[in-house]
1. Which value in nm describes the separation of the simple spin-label points at residue 66 and residue 97, placed 7 Å from the Cα toward the beta carbon?
2. Taking 0.36 nm per residue of separation and subtracting the Cα-Cα distance, what length does fully extending residue 83 through residue 126 add?
3. Run the quick spin-label model on residue 110 and residue 171: label points 7 Å from Cα toward the beta carbon, then report their separation in nm to one decimal.
4. Suppose we keep just the alpha-carbon trace of the stretch 47-173; what are its Rg and Dmax in angstrom?
5. Going highest first, how would you order 119-126, 105-112, 76-83 by mean Cβ packing within 10 Å?
6. Taking the Cβ of each residue in 169, 75 as the centre, tally the other Cβ atoms inside 10 Å and list the residues starting with the fewest.
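Values quoted throughout were computed directly from the atomic coordinates according to the rules given, and no laboratory measurement underlies them. Predicted, not measured: the structure shown is a model, and the values here were computed from it. FYI the Cβ positions are ideal-geometry reconstructions off the backbone, even for glycines, and counts take in every protein chain you see.
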Ligand SMILES: [Cu+2]
């Protein structure tokens with residue numbers, strides 16, 4: 001039986017007002033709001049992170065059973081700038097080794113490959129990681145990831161540099177079927 005459960009990214013999204021900041025007081029309020037979000041990333045209301053032109057939405061990871069050594073992490077990255085950037089690596093507090101991976105369906109077979117040169121985020125573009133596609137692979141987990149907790153980590157970009165984030169740990173089966181093929 002395949003149970004399908006949405007990862008509920010909506011729960012931590014808020015309307016984005018990133019573009020024009022010069023329309024009178026609305027613009028000023030928007031600017032203030034953006035500033036507060038940058039200055040106070042731990043406000044409970046917001047679970048997104050930004051650095052320069054890069055906005056990172058809802059980083060999350062799958063909970064793991066006891067003793068598991070690997071887990072997947074997912075984020076959505078938006079580049080509001082006019083130059084491409086590249087996610088080159090990531091870290092996570094509970095994992096000694098982290099790699100960027102991609103899963104894709106080739107000839108009916110799910111394959112996973114490492115992305116040693118990282119993931120390009122085009123100017124004005126958006127990369128959405130999800131089970132069955134781009135993901136952050138936590139290898140050599142030092143402890144169990146429990147649903148509901150937040151785990152500190154970083155994303156490292158060629159241009160935007162090191163961005164501190166938190167992965168919100170979601171259910172083991174979040175987004176269902178893709179986890180089954182996740183083997184190394
Ligand atoms: Cu992987």
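1. A separation of 2.5 nm, rounded to one decimal place.
2. Values: separation 43, 0.36 × 43 = 15.48 nm, distance 1.27 nm.
Extra length available between residue 83 and residue 126 comes to 14.2 nm.
3. For the pair residue 110/residue 171, the computed spacing is 1.7 nm.
4. 14.1, 44
5. Details: 119-126: 14.9, 105-112: 9.9, 76-83: 17.2.
Going by the mean number of other Cβ atoms within 10 Å, highest first, we get 76-83, 119-126, 105-112.
6. Working: 169 23, 75 26.
Taking fewest neighbouring Cβ atoms as first place, the list is 169, 75.
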